[in-house]
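The structure appears below as structure tokens.
Readers should treat all values here as calculations from the given coordinates under stated rules, not as data from a laboratory. On a predicted model such as this, the values are computed, not experimentally measured, just so you know. We place every Cβ from the backbone using ideal geometry, glycine too, and count neighbours over all the protein chains shown.
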Amino acid sequence: MIKLAILTSKGGTGKTTTAINLGHGLALSGRKVLIVDCDPQGSASAAFGVDGHKGLADLLIEGRVDIYQVRPRLYLIPSGKKRLAELEINLAAREDRFVRLKNTFSRLSGCDWVILDCSPSINIVNLNALAFADFLIIPSSLDYFSLEGVKSTIELSHEIRANGNGSGADGRGKLEILGVLPTFYDRRTNVSRMALDSLRNTYGNLVFQTEIRTNTEIKKSQWFRKTIFEFAPYSHGAYDYFKLSKEVLERLTGLGDYE
Ligand SMILES: Nc1ncnc2c1ncn2[C@@H]1O[C@H](COP(=O)(O)OP(=O)(O)O)[C@@H](O)[C@H]1O
Ligand SMILES: [Mg+2]
């Protein structure tokens, strides 16, 4: 099972859009995928029109949750919204508060991928997600603040790895950065090209070859509760997310033990 968190410390960088479209891209290519909405705002749940009574909050508190099937081979755990935001208080006294997700999901089976759509903050939910995840994708919307977000998220992942999230073969941390993903790319603007150059110069091969271009079909698809593959299969957005799904699978194959 491949456990992938999508996280960066800046909002509006395309995390949720990437979680749902990469998730659907992988499902369309035959993998069984579970998306976990780790954001109290519940955008990933809304994108599929799921507004469950139960959600990740219940899983972290009670160890039980409803899983919704949203497409063939694609499943979702909604966030639980406000209750997820209040989790800090509910779990404060529990010693296992940072590994609740990991412990509960140790019983999860039958799924090839778990994709965690995180919120842009360091909170107990995201720390649970990072304790569970083996891989990280860091989307960067190609502006100055988002480049800062990439830097601080990479630093956070190094800290977690150094402290050991315990999922590596030797029990040490194994949170690997699968890639930094350029999003909202618009090659007509200087700032977009400058930011992309800066990302590639700073992080080299860590940056995906695939750039997700700004594409209004993506925005529209979410209005209609559809993924880009359903809404506009011939759009730039569908092409870019298809390419990303392929590149993600290739990167994992390159790493050996996976796929
Ligand atoms: N490639 C894109 N082109 C155009 N709009 C996009 C693109 N990616 C995301 N969006 C839009 O930008 C907004 C923020 O994206 P979202 O995925 O919710 O970011 P995050 O989860 O990082 O906050 C949403 O309205 C979404 O529809
Ligand atoms: Mg989001």
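Over the chain, what relative contact order in percent results from Cα pairs under 8 Å that are six or more residues apart?
Working: 504 pairs, mean separation 59.1, N = 259.
Taking the mean separation of contacting Cα pairs over the length of the chain, I get 23 percent.
Projecting the Cα atoms of T153, V191, I124 onto the dipole axis of the stretch 101-255, where Lys and Arg carry +1 and Asp and Glu carry -1 at the beta carbon, places V191 farthest toward the positive end. Among rounded, prolate and oblate, which fits the stretch 111-259 when a ≥ b ≥ c are the square roots of the eigenvalues of its C-alpha gyration tensor, a/c under 1.5 means rounded, and a/b larger than b/c means prolate? In terms of gyration-tensor shape, prolate. Mean residue ellipticity, 222 nm, helices only, the chain: the sum of -39500 (n - 2.57) across DSSP H runs of n ≥ 4, divided by residue count and rounded to 500, is -13000 deg cm²/dmol. Extension gain, S109-K32: 0.36 nm per intervening residue step, less the Cα-Cα distance, totals 26.7 nm.
When the charge dipole of the chain is built from unit charges on Cβ atoms (+1 for Lys and Arg, -1 for Asp and Glu) and taken about the Cα centre, the candidate among L56, L26, Q209 whose Cα reaches farthest toward its positive end is L26. Expressed to the nearest 5 percent, the antiparallel share of DSSP beta bridges inside the stretch 32-173 is 25 percent. Phi-derived couplings, Karplus 6.51 cos²θ - 1.76 cosθ + 1.60 at θ = phi - 60°, listed residue by residue for the stretch 20-36: 6, 7, 5, x, 5, x, 5, 5, 5, 8, x, 8, 8, 10, 10, 9, 10 Hz, with x used for Gly and Pro. Each of F145, F231, F135 was scored by other Cβ atoms within 10 Å of its Cβ. Arranged with the fewest first, they read F145, F231, F135. For the pair N90 and S198 in one chain, pulling the backbone fully straight at 0.36 nm per residue adds 34.7 nm over the alpha carbon distance. Listed by Cβ neighbour count within 10 Å, with the fewest neighbours leading, H24, H53, H236 appear as H53, H236, H24. By other beta-carbon atoms within 10 Å, ranking E155, E148 with the fewest at the front produces E155, E148. Subtracting the Cα-Cα distance of K246 and Q41 from 0.36 nm times their residue separation leaves 70.9 nm of extension gain. Pairs over the 18 Å Cα-Cα cut-off, from the set K3/K102; K10/K220; K54/K220; K54/K219: K10/K220; K54/K220; K54/K219. Rounded to the nearest 20, the size of the Cβ-charge dipole of the chain about its Cα centre is 440 debye, with Lys and Arg at +1 and Asp and Glu at -1.
Seen from all directions on average, the stretch 2-253 presents a Cα convex hull projection of 12.7 nm².
The DSSP beta bridges internal to the chain are antiparallel in roughly 10% of cases.
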